[in-house]
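Below you'll find the structure, written out as structure tokens, and then a few comments.
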Amino acid sequence: MKWFRRGLMAAVLWRLFGPILPVPWPRPQKHPWRIPARTMFAGDRELSIREVGPLDGPPLVLIHGLAGSSIAEWYKVAPLLADSFRVLMIDHRSHGLSVADRGRFEIADVADDIASILDQLDCGPVAVVGYSMGGAIVQALAHRHPDLVSRLVLVATLSHHPRGWRELRQLGALITRAWERATGTGTPEVRTAYLLSTGAVAREHGRWLWEETHRRDPDAGAEASRALFRFDSRAWLPTLRVPTLVVIPERDQLIPARWQRKMARLIERAETTEVVGGHHEIPWSHAELLAQRIEKFLVAETG
């Protein structure tokens, strides 16, 4: 017990006064896609936006998931779509380069932020793609601002959390926030290590991914997590009248495929496609396939 107390005290002192040691990344390290960002205001909130592709092309909006950013999650998919579309990627509030908001986070409010950006750009109605939590956001966008959405693509997402899962994940989010506050490590380290270890992100991009992922604020991240757990679109999802594609990773470890299939059945005439062997990280692991299926759907709908 004496050595445990001494070890604990040493850990606390190191946390308070010790240096932050850099991660020893193998060389060479490089940025995977140097697309500069700009900012726009949605109300008083400054949001980061990246744009690629022809300005006169059909607009396509890509919305990322929880604890990510637009470039971190779409850097493989967006270049494949940029030949045919004007691709807009938005860091929603408390993510990426956008302002961190530690106040109450609601999916509907984020959808309104995106609507404000699209109104300012005067490019609607647009096709929107939402991945993971981004899928919840674009569902809310299509529900609250139907005049801005022409087509909807939902990737590895859900309509709600079943009750037992919701309560378990709420507890997990609370523990994660406490751990990150105390240690300065947590979600970014796990996310980075997983994507690198599975080969979804190349080792030469490790430092970039680490830095991009560490933009996360623990308190703002916890608020965003709780918002996703509260989200429930079942009451109004059947009222959407927008052509919709649902992309389901067959082996999704975070949002089980059965949840995604149930969501798809709530959407009138939704088209579904399953990615055989795909896990939750398909924007990285199956970028070409995902881009092909998105483009095929959008071209068929406009053709």
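Worth pointing out:
- Residue ID - farthest from Arg216 (Cα to Cα), chosen from residues in the range 127-144 that are part of a helix (DSSP H, G or I) and either at pLDDT below 95 or within 13 Å of the chain's Cα centre (by Cα) (or both): Val138
- Given (1) modelled with pLDDT of 95 or more; (2) under 16 Å from the mean Cα position of the chain (by Cα); (3) among the aliphatic types (A, V, I, L, M), number of the condition Leu97 does not satisfy: (1)
- Flag for Leu209 being buried (at least 21 other Cβ atoms within 10 Å of the Cβ) and not in a helix (DSSP H, G or I): no
- Residues in the range 243-263 include none that are over 19 Å from Gly65 (Cβ atoms) and of a type in the set (Val, Ile, Thr).
- The lone criterion from (1) of a type in the set (Gly, Ala, Ser); (2) closer than 27 Å to Ser285 by Cβ; (3) assigned to a helix (DSSP H, G or I) left unmet by Ala200 is number (3).
Yes or no, residue by residue, for (1) over 30 Å from Leu240 (Cα atoms); (2) crowded, with 18+ Cβ neighbours inside 10 Å; (3) not polar (S, T, N, Q):
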position: Pro146; (1), (2), (3): no, no, yes
position: Ala156; (1), (2), (3): no, yes, yes
position: Leu171; (1), (2), (3): yes, no, yes
position: Ala193; (1), (2), (3): yes, no, yes
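- The range 161-187 residues that are touching a residue at least 60 places away in the same chain (Cβ under 8 Å), paired with ones that are among the basic types (Lys, Arg) and surrounded by 13 or more Cβ atoms within 10 Å (Cβ to Cβ) (beta carbon under 9 Å, 6 or more apart): His161/Arg169; His161/Arg230; Arg166/Arg230; Thr187/Arg216
- Screening Leu245 with (1) assigned to a helix (DSSP H, G or I); (2) buried (at least 20 other Cβ atoms within 10 Å of the Cβ); (3) more than 16 Å from the chain's Cα centre (by Cα) gives one miss only, at (1).
- Selection status of Arg216, within 16 Å of the chain's Cα centre (by Cα), of a type in the set (Lys, Arg) and buried (at least 20 other Cβ atoms within 10 Å of the Cβ): yes
- The listed residues are Ala224, Ala235, Ala220, and the only one of them that is touching a Lys or Arg at 6+ places or on another chain (Cβ under 6 Å) and either within 22 Å of Ile107 (Cβ to Cβ) or part of a helix (DSSP H, G or I) (or both) turns out to be Ala220.
Yes/no per residue for (1) buried (at least 24 other Cβ atoms within 10 Å of the Cβ); (2) out of contact with any strand residue (DSSP E or B) (no Cβ under 6 Å at 6 or more places or on another chain); (3) of a type in the set (A, V, I, L, M, F, W, C):
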residue	(1), (2), (3)
Leu60	yes, no, yes
Ser70	yes, no, no
Pro79	no, yes, no
Met89	yes, no, yes
Gly103	no, yes, no
Glu106	no, yes, no
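- Checking each residue of the range 145-156 against the condition of being touching a helix residue (DSSP H, G or I) at 6+ places or on another chain (Cβ under 9 Å), outside any loop (DSSP other than H, G, I, E, B), at pLDDT 95 or above and polar (S, T, N, Q) gives at least one match.
- Pick from the range 265-303, criterion modelled with pLDDT under 95 and in a loop (DSSP other than H, G, I, E, B), ranking: surrounded by the fewest Cβ atoms within 10 Å (Cβ to Cβ): Gly303
- Restricting the range 26-58 to residues that are charged (D, E, K, R) and touching a Leu at 6+ places or on another chain (Cβ under 8 Å) leaves a set whose member that is surrounded by the fewest Cβ atoms within 10 Å (Cβ to Cβ) is Glu51.
- Against the test of being in contact with a Ser or Thr (Cβ under 7 Å, 6 or more places away or on another chain) and on the phi > 0 side of the Ramachandran plot, the options Gly186, Gly221 yield a single qualifying residue, Gly186.
The values are calculated or read from the model by the stated rules, or taken from the named source; none is laboratory data. No experiment lies behind these values; they were computed from the predicted model shown. Every residue, glycine as well, gets a Cβ built from its backbone with ideal geometry; the counts of neighbours run over all protein chains shown.
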